[in-house]
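Right, one structure below, let's go through it.
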Amino acid sequence: MTNLIRSNFQAHPFHLVSPSPWPLYTCVALYTLTTTGVLTMHGFSDAGYFWMSALLSLILSMSFWWRDVISEGTYLGNHTLAVQQGLNMGVALFIVSEALFFLAIFWAFFHSALSPTVELGAQWPPMGIAAINPFELPLLNTVILLSSGVTVTYAHHSLIQGNRSGALNGLLATVILAILFTALQGVEYTVSSFTLSDGIFGSSFYFGTGFHGLHVIIGTAFIAVGLWRVLAYHSTENHHLGLESSILYWHFVDVVWLFLYISIYYWGS
């Protein structure tokens, strides 16, 4: 009888994940996505169709994977306090890796901007480049993104206090502001007088702002999922790990944009 009881109750608070095909499928999809992406950039025929198929496979495999994670945390009760601490640590380390990625981008920018070579006209911006006015669309986008940080913080505190309507309204406002930011970023790209191929200035500008825009799109989807989970009563004032992770990620996106605006838009112009 004692052995039967011990077999039914584990003696530790950690979640032993069941065998899952989704990590393998995600790895295969990522490999196919990067490979077909390179082939597409080099003009291989029909490579674009394979890239789109790989992207769809990646989205589907990750969606099924996260569906299982949501089931484990919401319905099965596998996300104990120890598991939540481990997941929080994982998210924090992921954001640190993202910060180091953007550090490389800023390093490349300042390497050329602080000491422009003769080929650049010994000046920054390089000769012939008309930089974007930092007090027009970039300033508006800064206000929009910082406002979204305020609304998502309001949503977080509302959820903790049991104010469900405040959490929903704050998250909805955050998603709307994020979409508006992305749309204005697209407008900025269309009216810009320089392109990605315009030397180190164009490369560093579009590399930095483009990857930040990609992070904004990912963060928007992250928060939209959190909004849906609050709407579906998945998140409570005591247990909202996924939403908390999305909020932490969004604040990181805000901080990166501040550095981009001050260095590339303002100082770099």
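The values are calculated or read from the model by the stated rules, or taken from the named source; none is laboratory data. Computed from a predicted structure; not experimentally measured. Virtual Cβ from ideal backbone geometry, glycine too; neighbours counted across all protein chains shown.
Determine if region 226-233 includes at least one residue that is β-branched (Val, Ile, Thr) and surrounded by fewer than 19 Cβ atoms within 10 Å (Cβ to Cβ).
Scanning region 226-233 turns up no residue that is β-branched (Val, Ile, Thr) and surrounded by fewer than 19 Cβ atoms within 10 Å (Cβ to Cβ).
Output the number of residues of region 122-179 satisfying the condition of being of a type in the set (D, E, K, R) and either at pLDDT 95 or above or part of a helix (DSSP H, G or I) (or both).
Of the residues in that region, 1 qualify.
Exactly one of these conditions fails for residue 119: (1) surrounded by fewer than 17 Cβ atoms within 10 Å (Cβ to Cβ); (2) not in a helix (DSSP H, G or I). Give me its number.
Here residue 119 meets the rest and fails (2).
Starting from residues that are under 16 Å from the mean Cα position of the chain (by Cα) and of a type in the set (Val, Ile, Thr), keep the ones in region 234-269 and report whichever is surrounded by the fewest Cβ atoms within 10 Å (Cβ to Cβ).
255
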